[in-house]
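Working notes for the structure below.
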Amino acid sequence: MTTYTNISPETTDYGSDVSAFPDLDPTFTIIDGTQVVAQAIAARWSMPQGSCEDDPDAGFYAVMLLNRPMNTAEAFRAAQRLETEAMKDERVYSCPVRLSWNTATRAMTVTADVDCMYGTFQLVTTVDKVSLKLLGIQ
């Protein structure tokens with residue numbers, strides 16, 4: 001279940017779109033509100049920079065973070081890169097990111113506190129060796 005905090009439903013005009021994360025929804029489900037922004041951020045985090053023809057500066061492939069050793073400084077820089085990528089979306093004012101690793105499953109959880117033009121929400125994704133998954137929006 002998706003819940004939103006600090007956001008009044010009538011003031012979240014982020015537009016609407018077809019659900020397209022991680023792939024285009026075959027039933028063409030329409031999303032709106034913070035889900036539009038959350039999917040846009042998740043898409044940015046799941047594509048290599050330069051892979052979007054319309055925006056060659058877009059993208060930070062978070063999966064690559066699993067293939068390198070991380071000390072505290074490198075983890076901080078990785079979180080900053082994810083935050084910077086999210087803030088390339090004009091609707092996002094700030095997006096502090098926290099990273100945590102599960103060594104048993106070899107996966108990373110990315111938790112972001114997204115501050116947008118109409119309020120804030122928390123975005124939680126998981127990154128494993130093959131993909132980035134959107135776990136929830138609160």
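Rounded to the nearest 10 degrees, what's the angle between the helix 34-45 long axis and the longest principal axis of the chain, both from Cα atoms, 0 to 90? Taking Cα atoms only, the helix is inclined about 30 degrees. Enter the angle in degrees (range 0 to 90, nearest 10) between the Cα long axis of helix 72-86 and the first principal axis of the Cα atoms of the chain, meaning the one along which they spread out most. The answer is roughly 30 degrees. Full extension of the chain segment joining ASP57 with LYS133 gains 25.2 nm, where the gain is 0.36 nm per residue of separation less the Cα-Cα distance.
What is the local net charge at VAL63, summed over the other residues whose Cβ is closer than 9 Å to its Cβ (Lys, Arg +1; Asp, Glu -1)? Write down the numbers at each step before the final one.
Values: positive: LYS129; negative: ASP128.
Combined, the nearby Lys, Arg, Asp and Glu give 0.
In the context of the full protein assembly, ILE30 retains an accessible surface of approximately 110 Å², using a probe radius of 1.4 Å and ignoring ligands and nucleic acids.
Taken about its Cα centre, the chain carries a charge dipole of roughly 800 debye when the Cβ of each Lys and Arg holds +1 and the Cβ of each Asp and Glu holds -1.
Computed with a 1.4 Å probe on the full set of protein chains, the accessible area for ASP57 sits at about 80 Å².
Taking 8 Å as the Cα distance limit and 6 or more residues as the minimum spacing, I'd like the relative contact order of region 22-121 as a percentage.
Working: 122 pairs, mean separation 18.1, N = 100.
About 18 percent, as a whole number.
Charge tally for GLN49 (other residues, Cβ to Cβ under 9 Å; Lys, Arg +1; Asp, Glu -1): -2. Taking every alpha-carbon pair within the chain, the share separated by more than 19 Å comes to 50 percent.
The values are calculated or read from the model by the stated rules, or taken from the named source; none is laboratory data. Keep in mind that what you see is a predicted model, and the values were worked out from it rather than measured. Note that we place each Cβ from the backbone using ideal geometry, even for glycine, and neighbour counts take in every protein chain shown. SASA here: full protein model, heavy atoms, side chains in, ligands and nucleic acids out. Shrake-Rupley method; radii C 1.70, N 1.55, O 1.52, S 1.80 Å.
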